[in-house]
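The values are calculated or read from the model by the stated rules, or taken from the named source; none is laboratory data. Keep in mind that what you see is a predicted model, and the values were worked out from it rather than measured. When we count neighbours, we look across all protein chains shown, and the Cβ atoms used for this are built from the backbone with ideal geometry, even at glycine.
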Amino acid sequence: MTSSDKRDRAAEIAAAADAVVTGTGPVIVDAGKADRRIEFVPSAPVSGWSVADGTAVDGDTLLVELGDAPTVETARRVAIAAGARLSGGPVAVSAPPALIEPIIDGLITAAPPGNEVTLLVDESQLPSAVRGQLAADVARLARLLVSAPANLLTPSAAAAWATRIADNAGLSCTVLGPDEVRAQGFGALAAIGGGSSDGPYLVTLDHLPEAGGPEVALVGKGITFDSGGLSLKSPAAMQSMRLDVAGAATVLAVMAGLRRAGCTVPVRAVLPFAENLPGPGAARPGDVVTAWNGTEIQILDTDFEGRVILADALALAADSEPGLLIDLATLTYQAEIALGPEIAAVLARDDEAATRLLAAGARSGEPLWRLPYDERYLNQVRTASGVRNHPLHDSGRAITAALFLGEFVPRTVPWVHCDMTGPAWSGNASIDGATGFGARTLLALLT
């Protein structure tokens, strides 16, 4: 990637971040009418209907078939297909009131770049349409951050983006650099980031810090690139590993939108950023390190790095005793094996916490499914003096990963873990395949 390419990518991320904060992206939403229309209908009322793409043009009106019983998810998917046909200027949107939010979201998500479009809706639907616009803007920022090449979104660059976003979005922000991470006892994060010349960073963001302690705390896995460390991945397995920052990038994008969303809930985000490389300071299989809460971690496999950096972040986030703690991570391929590439796994020892996240996913049209948090497998995680990052078993690893994380969250803190390995990316490693999954769910939960 040339310096010019990097500037173009950085400018695109900056524009997307500004759009999240201000709501003035290339596609905006307002109330009103226009000569050109997009109508979302249950079935096709005209003879020129094309089953192939589900749309037909009748004069200045684009007709889009929703089907007889559309869900939030299917409505957004249909709108994404229609959004690719948007061109510049005002367009009126007609849709069922209950689905206007995901439909506006989908239209904006798919709008071709370079076109300035105004989507006009009935006055009564404007609040829902504006929420759809915010969801699309936040998800786009998450996609751009995750899809950015790893030589652009390094740990230090990720921390710099977090600082810039915090300044613009009215968030308080604390950044610990590599020396401070080590000095302040974040031994788990320091170990995983020690192999890279661009060392680990720990970012804390607060929305409404003046309200006191956070009611909700969010943690995201922020591995900007994962080679596996000394437990080196195969070349093919490394190709898409810029996606491993998806949890932290998604949380950062959501935090950027909270003021615009009118969120009245105090929210804290703790984001550990590291690059997992086999450099001179890399952790070795068998090393024992001490996490921020004093728990010893035996690192048996340096490619099981995500749970290690999350250990420090979860311990710090739990220390403020939030009413709900959520972590997002691309943590285990076994979650994808269990649920396929489009459904995220939810694991929790607290039923109410799990229910809140699952309900938010249902409202936002992002598929989540609960897997058991079963402590019968704790002996695969615990050692005589702490925990180990590898369970020494080939099965049940989505569960044992969650059990490992649970050792860093006191039982008094309601906590839920979301493993989004499958739905965080779509397509091959060569394309910008980040999906922004999880952003809409967190927005629904917090607003």
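Annotations
- Filter result (outside any strand (DSSP E or B) and among the aromatic types (F, W, Y)) within the range 356-382: Y373, Y377
Results for (1) closer than 16 Å to L442 by Cα; (2) surrounded by fewer than 24 Cβ atoms within 10 Å (Cβ to Cβ); (3) acidic (D, E); (4) modelled with pLDDT under 95, shown as yes or no for each residue.
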| site | (1), (2), (3), (4) |
| --- | --- |
| V308 | no, no, no, no |
| G323 | yes, yes, no, no |
| I337 | no, yes, no, no |
| I343 | yes, yes, no, no |
| R370 | no, yes, no, no |
| Y373 | no, yes, no, no |
| V381 | no, no, no, no |
| H393 | no, yes, no, no |
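- Cross-chain or 6+ apart pairs with Cβ under 8 Å, the range 276-289 first and within 17 Å of G187 (Cα to Cα), then of a type in the set (G, A, S) and in a strand (DSSP E or B): V288/G386
- Restricting V57, V64, V91 to residues that are buried (at least 18 other Cβ atoms within 10 Å of the Cβ) and either at pLDDT 95 or above or touching a Leu at 6+ places or on another chain (Cβ under 9 Å) (or both) narrows the list to V91.
- All conditions but one from (1) surrounded by fewer than 16 Cβ atoms within 10 Å (Cβ to Cβ); (2) among the aliphatic types (A, V, I, L, M); (3) under 16 Å from the mean Cα position of the chain (by Cα) apply to A236; the one that does not is (3).
- Taking the range 142-176 as the range and being among the small types (G, A, S) and either part of a strand (DSSP E or B) or under 21 Å from N293 (Cβ atoms) (or both) as the test, only S172 passes.
- Leading residue by the ranking (nearest to P209 (Cα to Cα)) among those in the range 251-266 that are crowded, with 24+ Cβ neighbours inside 10 Å and either among the acidic types (D, E) or touching a Leu at 6+ places or on another chain (Cβ under 6 Å) (or both): M255
- Members of the range 114-141 that are over 19 Å from T22 (Cβ atoms) and assigned to a helix (DSSP H, G or I): E123, S124, Q125, S128
- Flag if V251 is in the same structural domain as I165 (by TED's automatic domain parsing), closer than 20 Å to A348 by Cβ, assigned to a helix (DSSP H, G or I) and touching a helix residue (DSSP H, G or I) at 6+ places or on another chain (Cβ under 8 Å): yes
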